[in-house]
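Written out below as structure tokens is the structure these notes cover.
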Amino acid sequence: MGGLLAVSRGIDRMNEFIGKAVAWLILVAVLVSATNAIIRKTLNVSSNAWLELQWYLFGAAFLLAAAYTLKQNEHIRIDIIYGALSRRRQHWIDLFGHVFFLMPFVLAMLWMLTPYVLKSMLNGEVSTNAGGLIIWPAKFLLLIGFALLGLQGISEIVKKIAVMRGVIPDPTPFVSSHEAAELEAKALAKELLK
């Protein structure tokens, strides 16, 4: 288990670095969008390349940060039901979901995306819009995003089994949204009273 946990820590570090780095792409997308809007309104000039660049940047941030979101345990779930269960049952639900839903979906996407991306790269596919960008880098980001998500899924499965066996403490203890709001309010009140 020690070797698997070491691999898991490496995957976690990699996805944390990538997730935090690509968050800056949102700022770049906003700046590109604002610049494009200003130029379009003031100079009456427009470019499909700038619009497509915005889409690429936002898509890259979303796709490449998906694994980081999973690592942080920030994916969507129904807290009303999940939060009412014991932590042990929550672990079993997470493990079941990762093994039987997340990983098959990721593997299917990787299987289907690989020839799709390779064909696009080999053909040098470009946008059908006038002045548009090349398309294959965006498709390649899809493939990379799912590969990172798959690696993080493996990491989460390893950690979940280790937690359930008592080998490591729970790295992401569940806190309901209500409890999180209470904790945030208490921290804010404490900060204000300083």
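Quick look at the values:
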item	result
Carbon + sulfur, % of accessible area of the chain - ligands and nucleic acids excluded, 1.4 Å	72
Nonlocal amide H pairs with Ile134, under 5 Å, H built at 1.01 Å	Ser127
Most fluctuating residue given options Asn44, Asn129, Asn15, as computed from a GNM of the chain linking Cα atoms under 10 Å	Asn44
Probe 1.4 Å, protein heavy atoms only - accessible area per residue of the chain in square angstrom	64
Net length gained if the chain between Ile76 and Val126 were fully extended (0.36 nm per residue, minus Cα distance)	14.6 nm
J(HN,Hα) series, the range 110-118, from Karplus relation 6.51 cos²θ - 1.76 cosθ + 1.60, nearest Hz, glycine and proline x	5, 4, 7, 6, 4, x, 4, 6, 4
Per-residue HN-Hα couplings for the range 183-194 [Karplus 6.51, -1.76, 1.60; θ = phi - 60°; Hz; x = Gly/Pro]	5, 5, 5, 5, 5, 5, 4, 4, 5, 5, 7, 5
Table column - 3J(HN,Hα) (Hz), the range 85-94, Karplus curve with 6.51, -1.76, 1.60, x for Gly and Pro	8, 5, 4, 4, 5, 4, 4, 4, 5, 4
Solvent exposure ordering (accessible area, 1.4 Å, most first) of Leu118, Leu95, Leu85	Leu118, Leu85, Leu95
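The values are calculated or read from the model by the stated rules, or taken from the named source; none is laboratory data. Because the structure is a prediction, the values reported are computed rather than measured. Surface accessibility is based on the protein's heavy atoms, side chains included, excluding ligands, DNA and RNA. Shrake-Rupley method; radii C 1.70, N 1.55, O 1.52, S 1.80 Å.
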